[in-house]
Amino acid sequence: MGLLAFQLSGLYAVGSISVGALLAGLVSFSGGLTSLWRGHVFAVREVRRQLQLTCLVSTAAVAAIAAAVALRSSTPVLVGLSVFAGVASGGAPTGFRTLLLAVVPGRLLSKAHYFESMMSEASFMLGPLLIGAMTAFVAVPVALVVMSGLYLAAALLLFRLPVLAPRPLETAVRARLPRASLLFCLLPLPVTCAYGIVESNVPARMDLYHLPVHLAGFFLTILSVGSCMGGLLVSVYPLRTRRPQRLVAALLVAFATLLVPATVAPTAVGYALGLVVASLALVPLLGLGVAQLEARSAEEDRARVFGWYLAAAQIGGGLGSAANGFLLGVLPLDRVPWVAIALLVATTVGVAVLPGALSYGARLRRHVTA
């Protein structure tokens, strides 16, 4: 809900959808930065209680943004509140993913990670549709109040989930992540940045097709349908490979290729059809990363590893949204998604080359030392 809600907030309060894209990016970016240390907090403190506190503070933060938007506050006020909202909610995905360890049997964890990724995309599918409907029939501040209420509902529903006891500090925290885990932790950064550019470009693109901006919720829902379809497939048939590097590179190429039809679509109908396939590879990519980290990490270290992974995803999405807001002032709005495609291509090259280069560097250092 947040992506479209914050973009429409910028349009409602200060008359600029570019400012709205910046607000959405700041929420995600600051939340991602917060996740870097919240993974440690979830590793050493009881998870459910920390999640409930996170949801309650987020309730207050989004309510404050709703009030500021209703009063048509200035851009600096909205920026400050957006950063606060991001910090308040930062780490929540990490906590929920960590809580899976207390809910799901070990033999089903691999499927659970893909299913959880798919359900996240399902929320992105329904959220924009609800925001679009509410802004069409009521007003943006009302939609923000509803968002605030959903955080409160989440805090209450958490009472139904089990407690996940903390680990001792000395076993829960290591000096640094293993190199292989670090590479998988960084994978979501360019992937979600590219997706964030495409996703946050949707509301601005309504102007190209001479449509009202609140219909962006419908198109964002279509975009999420594709990611849910990809997520459903890998939830039923999880990806398994002895060479995850090659599979990641193949999925990145597929992602970049599938973004092209929507990018070049001359009509609204063509754009909608292109969006259906644009995000098919997103959940398989992100789910593969989580499954690899879960398999490579000790149980006591997973909260921290998931924190890094999801922080990279949030930071990437925030950078993508903010980049879209900047690029809209530099490029024609239908050219902006090409930047996302170029980023995915560059990431593919990095995935193909970087691990080999690091391995060669390690062998060279050992040779020199010897």
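Bear in mind that the values in this text are calculations on the coordinates, not laboratory data. Values in this document were obtained by computation on a predicted structure and should not be read as measured data. In this analysis, Cβ positions are derived from the backbone assuming ideal geometry, glycine residues included, and neighbour counts consider all displayed protein chains.
Observations on the structure shown:
- Exposure proxy ranking, count of Cβ atoms within 10 Å, fewest first, for Tyr237, Tyr271, Tyr209: Tyr237, Tyr209, Tyr271
- Extending 7 Å from the Cα toward the beta-carbon at both Trp338 and Leu161 defines two label points whose distance is 4.3 nm.
- Förster-model FRET efficiency, 25 Å R0, Leu182 and Ala250, C-beta, rounded to 0.05: 0.70
- If the chain linking Ala352 and Arg243 were pulled fully straight, counting 0.36 nm for each residue of separation and taking away their Cα-Cα distance, it would gain 38.1 nm.
- Ranking of Glu46, Glu199, Glu116 by count of other Cβ atoms within 10 Å, fewest first: Glu46, Glu116, Glu199
- Sequence of Val305, Val138 once ranked by neighbouring C-beta atoms within 10 Å, starting from the fewest: Val138, Val305
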